[in-house]
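Reviewing the structure listed below.
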Amino acid sequence: MPARRLSIVLAEDSMLLREGLASILDRAGHEVRDAVGDGDALLAVVRKSPPDVVITDVRMPPGHSDEGLRAAAAIRAELPAIGILVLSQYVADAYLSSLLETTTGGIGYLLKDRVGHVTEFLASLDRVAEGGTVVDPEVVRQLLARRRDDGPLAALTPRELEVLALMAEGRVNASIAAELVVSEAAVRKHVGNIFAKLQLEDGLDRRVSAVLTYLRRQA
Amino acid sequence: MQRPESAWAALTMRRYLVSSWPWRSYAYLLSSVPVGVLTIAVLLVSVGVSAVLSPIVVGVLLLTLFPLYGVVIGSVERWRARLVLPSGIASPHAKLPPTMTRRERLKFRRREQASLRSLGYGVLLGTFVWIFSAAFAGMSAAVLVLTVLAPMIATDDEMGMGPWILDTTGEGFLFLFVFGPCFYVVSSYLLGVLAAAEASLAKALLGPREEELRRNVAELRRSRLDLVDAFETERARIERHLHDGVQQRLVGLTMTLGLAELDLPEGESKRLVVKAHGEAEAALADLREAVRGIHPRVLVDLGLEAAVREVADRMPLPVAVQVSLPDRLPAPIEAAAYFFVSETLGNVAKHAGATNCHVQAWVNRDRLVVTVTDDGQGGADPAQGTGLTGLVTRLDALGGTLDLSSPPGGPTRLRMECPCRLDD
């Protein structure tokens, strides 16, 4: 049983994936309140009765463009309390940046492959529901890889970059420590260094979006 | 002495009478006889055959081939006109790409206005021009020959020139020296004017018309753009198919495998399911990469800048991106620019030995300019990049160009330029 039973609205145009996602969520004890196939329908059901979390595909009918993202932005503007988890087929941080532009917290951007890692996926969902930010590791890797050689990131040590990447995924220090097999104190020290080098205030749940927003600005 | 550009200009030369021009005029006017006779004969026979065959559809079909006669007449006449128009007459026909089949070419030519015009000229030539030319040039030639031969003829025979009867050699010479030059002067100018007039008529009907040239070029470009379009549409279709079909199924598979992992107890079967899960994910990653190469979604959704940044991100070397575009460009242009960048960056990563790379894109007076510069070893050979060849074809259809500068030792700089709009 999950920490909290979430009411969820699912937007995914592929029947196959909708069923798959619904059964995973159902199994985890969440309530899939509605499952819709396009952006307009998503907005309609969310407006009628807001769920805890919206899970949406990027591409949906009718245009098969970024309808899902646009619906997400609209929801965020109208009902900022709803967590939004965007599932994407692409490692494209351009979508992520448009998602993060207007918002902080309660946002997730995952590759669809990640859903198959059921436990991790459900943990990400919980984090989004709690107002946290989750970004797919693959996307983060790309973001960080780009700016290896320029700007203030050049000042970071490889270890600090690793920590930053994990932070950007929305992990807390304990989880980072476990991943890197170091003590939490060591992670705290790295995080402090990173914030100092990047001249960022130490925030709590906003640190991912702060980092990502910073990274976007460097583009 | 400067060569006159036309028969009209030649007529104004002071040395016209001692130049080759009078003789060229003769040659031009007289040579219209065989051409004119042959033309009218072929046309009449064809019309006759068509008329006879018209009850069966073949006759009507034959008529539709008439413009092709025009093409032949036009090319013969343009060649013949060089006699009095040294610079010749430019062909009014559109230049066709070498990839067109013979059938397509004939079809195109048949519908060209220029072919019909040439046919019209052929009819004029066959019914009127050659007769008129032959009458004047023939008569003039005959008189000239007689005049020259007058002393000889008058020796043996008597020769009547109007009221004047020549019957001695002396009279013949007198006639030649008195009348000859006058006649030569008058006839040369007269025939020069005639030849010039005929050549002008030929030029007017057989030469290119400005708006026609422009239209032909535009038409050709349109057809090539259609090709590029069809190509793009097909790519998008394949991409959608992979995305909506294969990719979704693979994702579904990873979900099912993920669920199965939860249920299975530790052991061999769980190990196999985990392995299968990993393989499905690897397949998904490969597919994602392939789909992106076919038709990048980001390009369609967010435009050139975002798409170029995505490519740059995936490169193993640092790539600085500077893109400043006013707004979205037409899809084929965005696609051409995107594939230019992705192909070029791929080459840089593979061959250049570069440590830094710089992509710039901007708009300069309605032309999109994209450059990719690297600090590698240089000496890049455009003939080696097969991917670039396809790009050149694409750019060509869009009216764009590709330039490479790669001195040994570097830096290498590739630059593409392309109009921002498709219809100019």
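Out of the stretch B:217-313, which GluC sites (Glu not before Pro) are coil in DSSP terms and have no more than 14 other C-beta atoms within 10 Å?
Those satisfying the criteria are B:GLU266.
Compute the acute angle (0 to 90°) between the alpha-carbon long axis of helix B:102-111 and the principal axis of greatest extent of the alpha-carbon atoms of chain B; round to the nearest 10°.
60
Would you be so kind as to identify which of B:ALA306, B:ALA202, B:HIS351 lies farthest towards the positive end of the dipole of chain B, taking Lys and Arg as +1 and Asp and Glu as -1 on Cβ and the Cα centre as origin?
Toward the positive end, the furthest listed residue is B:ALA202.
Out of every Cα-Cα pair in the stretch B:7-208, what percent are more than 26 Å apart?
Value for the stretch B:7-208 (Cα pairs over 26 Å): 49 percent.
How many nm is it between the label spots at B:LEU220 and A:ASP40, if each spot is 7 Å from the Cα in line with the beta carbon?
The answer from the label model is 4.6 nm.
Hey, what angle do you get for helix B:304-314 against the long axis of chain B, alpha-carbon based, 0 to 90 degrees rounded to 10?
50
Given H placed on each backbone N at 1.01 Å, which residues far from A:GLY106 in sequence or on other chains put an amide H within less than 5 Å of it?
The answer is A:GLY131, A:GLY132, A:THR133.
Under the definition of partner shielding as Cβ atoms of other protein chains within 10 Å of a residue Cβ, what is the mean value for peptide B:146-158?
Partner-chain Cβ atoms within 10 Å, mean over residues of B:146-158: 0.
Pop out a list of residues from the stretch A:49-92 that are at least 10 Å² less accessible with all the protein chains around than in their chain alone; 1.4 Å probe, no ligands or nucleic acids counted.
Residues meeting the cut-off: A:ARG59, A:HIS64, A:SER65, A:ASP66, A:GLN89, A:TYR90, A:VAL91, A:ALA92.
Just to check I understand the Karplus step: with θ = phi - 60° and J = 6.51 cos²θ - 1.76 cosθ + 1.60, what whole-Hz values come out for the stretch B:342-354, glycine and proline as x?
5, 5, 5, 4, x, 5, 4, 4, 7, 10, 7, x, 8
Beyond 30 Å, what percent of the Cα pairs of chain B remain?
66
Quick one: longest stretch of chain B between exposed loop trypsin sites (Lys or Arg not before Pro), exposed meaning at most 10 other C-beta atoms within 10 Å and loop per DSSP?
Excluding the exposed sites themselves, the longest stretch runs over B:96-364.
For the protein assembly as shown, what is the percent of antiparallel DSSP beta bridges, rounded to the nearest 5?
Approximately 45 percent, going by the DSSP bridge assignments.
Counting only residues 5 or more places away or on other chains, whose amide H sits under 5 Å from the amide H of B:ARG367 once H atoms are built in the peptide plane?
Amide H neighbours of B:ARG367, under 5 Å, 5+ apart: B:CYS420.
Pop out the ³J(HN,Hα) list for the stretch B:358-364 in order, Karplus 6.51 cos²θ - 1.76 cosθ + 1.60 with θ = phi - 60°, rounded to Hz; leave Gly and Pro as x.
Once θ is set to phi - 60°, the couplings for the stretch B:358-364 become 9, 10, 10, 9, 8, 10, 10 Hz.
Rounded to two decimals, what is Rg over Rh for the stretch A:7-148 when you use alpha-carbon atoms and the Kirkwood radius?
0.93
To test your reading of the geometry: what angle, between 0 and 90 degrees and rounded to tens, separates the Cα axis of helix B:66-80 from the longest principal axis of chain B?
Roughly 60 degrees, rounded to the nearest 10.
Measuring from a point 7 Å past the Cα of B:THR355 along Cα-to-C-beta, which residues in the stretch B:405-419 have an amide N at less than 20 Å?
B:407-413
Go ahead and estimate [θ] at 222 nm for chain B from helices alone: -39,500 (n - 2.57) per DSSP H run with n ≥ 4, summed, over the residue count, rounded to 500.
The per-residue figure over chain B is -21500 deg cm²/dmol.
Counting residues in the stretch B:228-294 as N, plug N into 2.2 N^0.38 Å and put the Cα Rg over that result.
Here the Cα radius of gyration is 1.46 times the empirical estimate.
Per residue of B:245-251, what is the mean number of Cβ atoms on other protein chains within 10 angstrom of that residue's Cβ?
Mean inter-chain Cβ contacts per residue within 10 Å come to 5.
Using the reciprocal of the averaged 1/r over all distinct C-alpha pairs, how large is the Kirkwood radius of the protein assembly as shown in Å?
Hydrodynamic radius (Kirkwood, Cα pairs) of the protein assembly as shown is 31.7 Å.
At a 1.4 Å probe, which residues in the stretch B:303-331 are at least 30 Å² less accessible with all protein chains present than in their chain isolated?
Residues meeting the cut-off: B:ARG309, B:GLU310, B:ASP313, B:PRO318.
Ballpark to the nearest 100 Å², how much total accessible area do B and A bury together, probe 1.4 Å?
Result for this pair: about 3100 Å² buried.
Compare the peptides B:63-73, B:39-49 by average per-residue count of other Cβ atoms within 10 angstrom and give them in order, highest first.
B:63-73, B:39-49
Please list, ordered by chain and number, the residues whose modelled amide H lies under 5 Å from the amide H of A:ALA11; skip anything fewer than 5 residues away on the same chain.
Here the answer is A:VAL36, A:ILE55, A:THR56, A:ASP57, since their amide H atoms fall under 5 Å of that of A:ALA11.
Find how many whole Å separate the alpha carbon centroid of the stretch B:308-347 from the alpha carbon centroid of the stretch B:349-420.
A separation of 11 Å, based on Cα centres.
Measure off 7 Å from each Cα along the Cα-to-Cβ vector at B:VAL123 and A:ARG188, then give the distance between these two points in nanometres to one decimal.
Rounded to a tenth, the inter-label distance reads 10.1 nm.
For a 27 Å ceiling on Cα separation, which of these pairs sit above it: A:LYS112/A:LYS197; A:LYS112/B:LYS350; A:LYS189/B:LYS275; A:LYS112/B:LYS275?
A:LYS112/A:LYS197; A:LYS112/B:LYS350; A:LYS189/B:LYS275
Using the Cα centre as the reference, give the magnitude of the dipole from point charges on the C-beta atoms of the protein assembly as shown (Lys, Arg: +1; Asp, Glu: -1; all else neutral), rounded to the nearest 20 debye.
1220
The values are calculated or read from the model by the stated rules, or taken from the named source; none is laboratory data. Since this is a predicted model, take the numbers as computed values, not measurements. Cβ coordinates were reconstructed from backbone atoms using ideal geometry, including for glycine residues, and neighbour counts include every protein chain displayed. With ligands, DNA and RNA removed, areas are computed over all heavy atoms of the protein, side chains included. Shrake-Rupley method; radii C 1.70, N 1.55, O 1.52, S 1.80 Å.
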